[in-house]
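These notes are about the structure you will find just below.
The values are calculated or read from the model by the stated rules, or taken from the named source; none is laboratory data. Predicted, not measured: the structure shown is a model, and the values here were computed from it. Cβ placement follows ideal geometry from the backbone for every residue including glycine, while neighbour counts extend to all protein chains displayed. Ligands, DNA and RNA are stripped out before the accessible areas are found, and what is left, the full protein with its side chains, is counted by its heavy atoms. Shrake-Rupley method; radii C 1.70, N 1.55, O 1.52, S 1.80 Å.
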Amino acid sequence: MLLGEAVALLCLTWVAYQTLALPRIAECDLSCTQGFICKSRVKWNIFNSFCRPPPASLPESVLKGLTLSTAMKCAPYNNCSLLLRVQASLTLHGEHKPCWYSGCFTGRKGAKGAWPGLTSPACPLLHPEGLRGLEACSMNTNTQETVCQSVRISGVPSQLQFQVQFNCFKVSAAQSLYITLRTIPHFCGVQINQLYHVEDCRDEDMKRNLPDCFARKLTYQVDRSHKVILAQVHEAPGSLDFYLRLCLRWFTCEDVGVLVRVTADRTSTVSLPYNQELPCLCLEGWSATPDAVRIQICPFENDTEALWDAIQYHPGSQALSWEPACPVSGHVSLCWHPRPGTHCQELEHSRRPVQSRVQYLLVDPQPQLCLKFSTNLSFWIRCPFERWRSPAWKMMVQQAPSQSPIRVTFFSSSPAHFQVRLCHQRKPGPPTCYPALQATPLPLATGSQGELTAEPPVAFVDIPGDEVCAPGTCIQNHGAGS
């Protein structure tokens, strides 16, 4: 009984191990459904984006599926490489045509309807919509390098589903690929797109058999107090020299420091200084060989706080701007934060996408004015003027010398235009405001009220009506530089 359990356990262990290994491919080839005649072609760095409108009779489900997987091709002495397998299917609803039909495939010039190696001159299937085959393209998202493999089909009966497997897309560990499957000819909107990430060197099968994965081991420590990343490249028998650098990972990884070369056959520690703890700041390492696999480690990938602090304000132009230091998706808006612990009320028409630089013009540096950053994970509030010591202008409310209840006077060190709204605060909900009143500019020669501010008064507005004395009354003002 114990022997039987041991044998069963051994079998289960062997099966589990086999499922962890990547499939092996003996040759780089192309395979089609039995009964089809296929001819393949490979193109490098040519991706034709032109398309033709699909005919009305073309079914939406003509492309039935796209399956991607990684396989390994190994030569003697563990010299293994990775290949991407692309399995695709196409539904055909066609009919046979006689050999003299002008649409027949030509295997070679002057042999209509015949392919090289065929013993029968039977004409191929012609789809009523003109479908002649499939094209699969793989684009490396880091280098933009594109490889396209196409297959043209013929010699099949109608009302069948055609399946093809491309086994010749050469890939590397940890690559990110954008795969596109299209028909031949390319009909607009009839394609399947899929993003695929090749397994990295943490995969046990790759770690044992792929040279780039067992070359040298890379570890690191972060010294936040000195803003330094300490990278350690461990010795490996027969390994090559190793490159290290820090980079910002956008569509490609952009240099932000020096490139360091670590010599082979010894363990070395490298000190790489950095300026900011950004989520896209990565440590990148690779062997000193052409087309080597690059290992990327991003120590701060969960630290997003630093992204929202890159706010700049220019007092002269009154421009408030923010620019993302790393790729981020979401939006930013201006909001009004009356006091700590309260909701920041978003200002109308101030929302902007955060994919690139955001700028707001003619912004008054008020302590309650903040920026609200929102992503699909959370939101963050930043108030750049919370401790602002030099406001662009100041306001004073006093009794008006005329019959109006109050006068609002504006003081500024530079010319500006002002307007005022009378509002009534209602709970709950935002305040209700009356139409804006334009302020009357004053000449600079007018006397200054030095007991309030050193800036001279530049404009005033008298607010009429008894509503100004009602409970819950507020004054909303807006200033714009000249």
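Filtering the stretch 187-200 to residues that are open to solvent by 30 Å² or more (accessible area, probe 1.4 Å), farther than 15 Å from Leu83 by Cβ and not in a strand (DSSP E or B) leaves Cys188, Gly189, Asp200. Looking only at the stretch 312-326, filter to residues that are open to solvent by 10 Å² or more (accessible area, probe 1.4 Å) and over 22 Å from the mean Cα position of the chain (by Cα); which one of those is modelled with the lowest pLDDT? Step by step, filter the stretch 312-326, then rank; the result is Gly316. Checking the stated criteria, Arg407 turns out to be among the charged types (D, E, K, R) and either over 26 Å from the mean Cα position of the chain (by Cα) or within 16 Å of Asn477 (Cβ to Cβ) (or both). In the stretch 279-311, the qualifying residues are those that are open to solvent by 40 Å² or more (accessible area, probe 1.4 Å), more than 30 Å from Ala416 (Cβ to Cβ) and among the charged types (D, E, K, R), and the one that is modelled with the lowest pLDDT is Asp291. Can we say Leu361 is surrounded by 16 or more Cβ atoms within 10 Å (Cβ to Cβ) and either without any contact (Cβ under 8 Å) to a residue 24 or more places away in the chain or aliphatic (A, V, I, L, M) (or both)? Against the criterion (surrounded by 16 or more Cβ atoms within 10 Å (Cβ to Cβ) and either without any contact (Cβ under 8 Å) to a residue 24 or more places away in the chain or aliphatic (A, V, I, L, M) (or both)), Leu361 does not qualify.
Scoring Gly341 on the criteria (1) assigned to a loop (DSSP other than H, G, I, E, B); (2) closer than 18 Å to Ser321 by Cα leaves a single failure, condition (2).
Just to be sure, is Cys344 under 17 Å from Gln312 (Cβ atoms) and at pLDDT 85 or above? In short, no. Every condition in (1) surrounded by fewer than 16 Cβ atoms within 10 Å (Cβ to Cβ); (2) assigned to a strand (DSSP E or B) holds for Leu181 except the one numbered (1). The residue that is modelled with the highest pLDDT, counting only those in the stretch 76-90 that are part of a strand (DSSP E or B) and over 30 Å from Lys64 (Cα atoms), is Cys80.
Summed over the stretch 237-267, residues that are buried (at least 16 other Cβ atoms within 10 Å of the Cβ) and either touching a His at 6+ places or on another chain (Cβ under 9 Å) or under 14 Å from Pro327 (Cα atoms) (or both) total 4. At least 2 residues being more than 30 Å from Ser378 (Cα to Cα) is the threshold, and among the strands (runs of 3 or more DSSP E) wholly inside the stretch 240-310 those reaching it are 242-249, 260-262, 268-273, 281-287. Among the conditions (1) modelled with pLDDT under 90; (2) open to solvent by less than 40 Å² (accessible area, probe 1.4 Å), the only one that Gln276 does not satisfy is (2).
Among the residues making up the stretch 138-156, those that are on the phi < 0 side of the Ramachandran plot, among the polar types (S, T, N, Q) and modelled with pLDDT under 85 are Thr141, Asn142, Thr143, Ser154.
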